[in-house]
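Only one structure is covered here, and it is reproduced in the block below.
The values are calculated or read from the model by the stated rules, or taken from the named source; none is laboratory data. This is a predicted model, so every value here is computed, not measured. Ideal geometry is used to build each Cβ from the backbone, glycine not excepted, and the neighbour counts take in all protein chains shown.
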Amino acid sequence: MSITPHTPAMRIKSHWFKPGADKGPADHASAMAFIVWRVAQSMLKRMRGAQFDIDAGVPYFAFMREVLVFLVAVTDRIAHARLEPEARVEFTVALVRHLARTLQENEDDLLGPAPAGAPSHADTFIDMVNEVTTHYAEFGADPKAPDDGGGFHPDFAFVRYLGSRLEPTLPEKDRRWVIEQVMAAEAPEAVGIVQRSMRDLFDPTPRRARRSTMSGE
């Protein structure tokens, strides 16, 4: 298996178009949760396109949880540079709760609710976030990356750790390639979208809506 190159980037609207009251951390968290979920789904789709077998069901959600935790860690580090401590905590807690609800809705629909007496799928994800983000906290930023006004560029070890955590979610035949694929193609694409989305959402300047046009075709 060879590393699959980049496919065209997914298009995500990440500006606030409607003027009005200032958006708070909870508003930004809601928007980012939607974006982060789509980015994780896109990474899974791209990995499948690169011939990695990620079956529907348990493997799908195992993969998604790992990618979501990684993206939460990246997003929180960007929030650290942009928000005051209290606002950062409010933002990240709300982000994780939004993602946990979305994950639970999807997992309950496809796999059924967690067994009686066991933690819900949402609680399992939140516990994982609390544990694994402390691991990511040990890694830093890429010192060679350009300064983009509050962005965060995870270093080699940060991204490699995601690949190592994804290994056991994949079939044996795919495990030797996953770290290379994640580091060369998938993580840079995903992190770039998160960086741009955070920059755009926290930009206080309203975007002008594009003028609609009519085609003669």
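Checked against (1) touching a strand residue (DSSP E or B) at 6+ places or on another chain (Cβ under 7 Å); (2) within 20 Å of Trp37 (Cβ to Cβ), Ala141 passes all but condition (2). Selection over segment 151-192 of residues that are β-branched (Val, Ile, Thr) and modelled with pLDDT under 95 gives a count of 0. Taking segment 170-183, which residues are in contact with a Leu (Cβ under 7 Å, 6 or more places away or on another chain) and either surrounded by fewer than 16 Cβ atoms within 10 Å (Cβ to Cβ) or free of Cβ contacts under 8 Å to residues at least 40 places away in the same chain (or both)? Once the filter is applied, which keeps residues that are in contact with a Leu (Cβ under 7 Å, 6 or more places away or on another chain) and either surrounded by fewer than 16 Cβ atoms within 10 Å (Cβ to Cβ) or free of Cβ contacts under 8 Å to residues at least 40 places away in the same chain (or both), segment 170-183 yields only Val182.
Considering segment 46-61, the residues that are over 19 Å from the mean Cα position of the chain (by Cα) and among the charged types (D, E, K, R) include one that is farthest from Leu99 (Cα to Cα), namely Asp53. Sub-8 Å Cβ pairs linking a first residue in segment 85-107 that is of a type in the set (Ser, Thr, Tyr) to a second residue that is assigned to a helix (DSSP H, G or I) and at pLDDT 95 or above, at least 6 apart or interchain, are Thr92/Ala29; Thr92/Val72; Thr92/Thr75; Thr92/Asp76; Thr92/Ala79; Thr102/Ala33; Thr102/Trp37, ordered by first then second residue. Once segment 139-169 is narrowed to residues that are in contact (Cβ under 8 Å) with a residue 24 or more places away in the chain and charged (D, E, K, R), the residue that is nearest to Ala40 (Cα to Cα) is Arg165. Selection of segment 151-167 for residues being of a type outside the set (D, E, K, R) and buried (at least 16 other Cβ atoms within 10 Å of the Cβ) yields Gly151, Phe152, His153, Pro154, Phe158, Val159, Tyr161, Leu162, Gly163, Leu166. Looking at Gln51, is it in contact with a His (Cβ under 6 Å, 6 or more places away or on another chain) and surrounded by fewer than 21 Cβ atoms within 10 Å (Cβ to Cβ)? Criteria not met by Gln51.
Only one of the numbered conditions (1) crowded, with 19+ Cβ neighbours inside 10 Å; (2) over 20 Å from Ala122 (Cα atoms); (3) among the hydrophobic types (A, V, I, L, M, F, W, C) is not met by Val36, and that is (2).
If you go through segment 110-135 and keep only what is under 17 Å from the mean Cα position of the chain (by Cα), buried (at least 16 other Cβ atoms within 10 Å of the Cβ) and not hydrophobic (A, V, I, L, M, F, W, C), you end up with just Thr133. Against the numbered list (1) surrounded by fewer than 18 Cβ atoms within 10 Å (Cβ to Cβ); (2) modelled with pLDDT under 95, Leu83 comes up short only at (1). Here is a check on your reading of the model: is Thr92 in contact with an Asp or Glu (Cβ under 6 Å, 6 or more places away or on another chain) and crowded, with 17+ Cβ neighbours inside 10 Å? So Thr92 passes the test. For segment 136-147, the criterion of a residue being more than 20 Å from Ala81 (Cα to Cα), more than 17 Å from the chain's Cα centre (by Cα) and either at pLDDT below 95 or not in a loop (DSSP other than H, G, I, E, B) (or both) is satisfied by no position.
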